[in-house]
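Quick notes on the structure that follows.
The values are calculated or read from the model by the stated rules, or taken from the named source; none is laboratory data. From a predicted model like this one, the values you see are computed outputs, not experimental measurements. No Cβ is skipped: glycine too gets one built from the backbone with ideal geometry, and neighbour counts run over all protein chains shown.
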Amino acid sequence: MGQERKRILIVSSEFPPQPGGIGNHAYNLALYLSKQKYIVTVIADQRSEDGEEETSFDQKLPFSIVRIKRYNLRFIMYLKRIFKTYRFLKNTSSVIATGKFSLWNVSFLSFFCRVQTLAVIHGSEVNFKSASLKKSIDIALKRMDIVIAVSTYTKKLVAHLNREVYVIPNGINLKDWEISNISKKSIPGNPSITTVGRISERKGQLNVIKKLPVLLKKFPELHYHCIGIPSQEEAFTQVAKDLKVDSHITFHGSLDHEHMKEILSKSDIFVMLSSESKTGDVEGFGIAILEANALGVPAIGSINCGIEDAINPNHSGILIDTNNTIQFENATTAILKDKNDFKSGAQDWAKRHNWSNIVKQYIRLIE
């Protein structure tokens, strides 16, 4: 008789097909654990109005997923998450909590169920400005058997807990980033620089826009492509107009995977100059950097955040001070000068972060 397969429950605050880095991580973790010897179940919310997007997406998954139906009264969803999680915990070997409410949920239920508990922390959920919220997350993490941070930066955010925290970087599914049927049509810009992510304070598009007046003096044909949900597009466009650089910027909005991949693959440099928001929202890793790297596009990214773990300095890209325009200009010059070396370095770095490699680190902790 063969050994019984272990059951793993992943409780996540986000999940595809809706966007979000936590959801992307949870999906790939579930996918690659299910390819091993584990029976995987995911509990996540329905975030679309009618749930049709989730239903269509879920039918194709090689693992089980339980969706918490959307209600106008949020507390009903919270209660349903707790009840569903408790139900599945009773027949589970290990539970992985990822996202703010998931940490509270699993920590609370661990009083009633004997199960191995693992917390995955990304950044913002352990960097609240509210002392009470921060304290509640600290209490939850102290109850967890294992705490995993997606970057060294995120690990530092919980250093005050004085407990062991493992660092397992984020990963990508390289197959999703193979290039095929890319049109020969070019995109504006020489050089062309691109950011993928919600148009927001945290993703740092505004930090790039403010540097354009100086950059255009050296690179007069430079064009900045912004791909992502246009949350603050109107405000950022006004800043660009005030600086008279709006003709050098294209906001593409949220694109499907193939269209986004096409623009990325034709970009010279990927840029992510993230900064902390007023509420403590931070970049815990920067998965979009690895996705660009997989297409051979090197990156310029910020120091003092999780992006430090997403870039292999002077190989897959260059790290700079977010507010230093001269460093940005020098980094752009250096990458364009050694474009082939940086392209090779970026692709090698992406391969090291393939989920088939990253999942092995999770398995070692689970076992």
| remark: Of the residues in segment 348-362, those that are of a type outside the set (Gly, Ala, Ser) and either surrounded by 16 or more Cβ atoms within 10 Å (Cβ to Cβ) or without any contact (Cβ under 8 Å) to a residue 40 or more places away in the chain (or both) come to Asp348, Trp349, Arg352, His353, Asn354, Trp355, Ile358, Val359, Lys360, Tyr362
| message | Please go through (1) of a type in the set (Gly, Ala, Ser); (2) farther than 23 Å from Gly306 by Cα; (3) modelled with pLDDT under 95 for Gly189 and return the number of the only condition it doesn't satisfy. | response | (3)
| request: Kindly provide the set of residues from segment 168-197 that are more than 14 Å from Ile263 (Cα to Cα), touching a helix residue (DSSP H, G or I) at 6+ places or on another chain (Cβ under 9 Å) and not in a strand (DSSP E or B), ordered by number. | output: Ile168, Pro169, Asn170, Gly171, Asn173, Leu174, Asp176
| remark: Expected output for segment 268-282 (first residue in the same structural domain as Ile303 (by TED's automatic domain parsing), partner of a type in the set (Asp, Glu) and not in a loop (DSSP other than H, G, I, E, B), Cβ below 9 Å, 6+ apart or cross-chain) is Phe270/Glu291
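Okay, residues lined up against (1) surrounded by 16 or more Cβ atoms within 10 Å (Cβ to Cβ); (2) among the β-branched types (Val, Ile, Thr); (3) assigned to a loop (DSSP other than H, G, I, E, B):
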| site | (1), (2), (3) |
| --- | --- |
| Ile318 | yes, yes, no |
| Leu336 | no, no, no |
| Lys343 | yes, no, no |
| Ala346 | yes, no, no |
| request: Can you confirm whether segment 191-203 contains a residue that is surrounded by fewer than 16 Cβ atoms within 10 Å (Cβ to Cβ), farther than 30 Å from Leu31 by Cα and not charged (D, E, K, R)? | output: no
| said: Against the definition (without any contact (Cβ under 8 Å) to a residue 24 or more places away in the chain and farther than 21 Å from Ile187 by Cα), how does Ala334 come out, yes or no? | reply: yes
| Of all residues in segment 71-123, which are closer than 17 Å to Ile8 by Cα and of a type in the set (D, E, K, R)? | Arg81, Lys84, Arg87, Lys90, Arg114
| query | Does Ala240 count as more than 28 Å from Asp176 (Cβ to Cβ), touching a residue at least 24 places away in the same chain (Cβ under 8 Å) and touching a strand residue (DSSP E or B) at 6+ places or on another chain (Cβ under 6 Å)? | reply | yes
| Can you tell which of Ala30, Ala44 is closer than 24 Å to Ser151 by Cα and part of a strand (DSSP E or B)? | Ala44
| message | When the residues of segment 131-178 are narrowed to those that are of a type in the set (Ser, Thr, Tyr) and touching a residue at least 12 places away in the same chain (Cβ under 8 Å), which ends up surrounded by the fewest Cβ atoms within 10 Å (Cβ to Cβ)? | response | Thr152
| said: Checking Ala299 against (1) crowded, with 24+ Cβ neighbours inside 10 Å; (2) more than 24 Å from Tyr166 (Cβ to Cβ); (3) touching an Asp or Glu at 6+ places or on another chain (Cβ under 7 Å); (4) small (Gly, Ala, Ser), only one condition comes out false. Which one? | reply: (3)
| request: Would you please name the residue that is surrounded by the fewest Cβ atoms within 10 Å (Cβ to Cβ), looking only at residues in segment 116-130 that are closer than 17 Å to Thr98 by Cβ and small (Gly, Ala, Ser)? | output: Ser124
| query | Taking segment 247-261 as the region of interest, how many residues are outside any strand (DSSP E or B) and buried (at least 18 other Cβ atoms within 10 Å of the Cβ)? | reply | 3
| said: Whether any residue in segment 12-26 is among the β-branched types (Val, Ile, Thr) and part of a helix (DSSP H, G or I) is what I want to check. | reply: yes
| Which one is farthest from Thr195 (Cα to Cα), of the residues in segment 274-302 that are assigned to a loop (DSSP other than H, G, I, E, B), aliphatic (A, V, I, L, M) and modelled with pLDDT of 95 or more? | Leu295
| request: Can you tell me which residue among Ile229, Ile199 is among the β-branched types (Val, Ile, Thr), more than 24 Å from His315 (Cα to Cα) and touching a strand residue (DSSP E or B) at 6+ places or on another chain (Cβ under 7 Å)? | output: Ile199
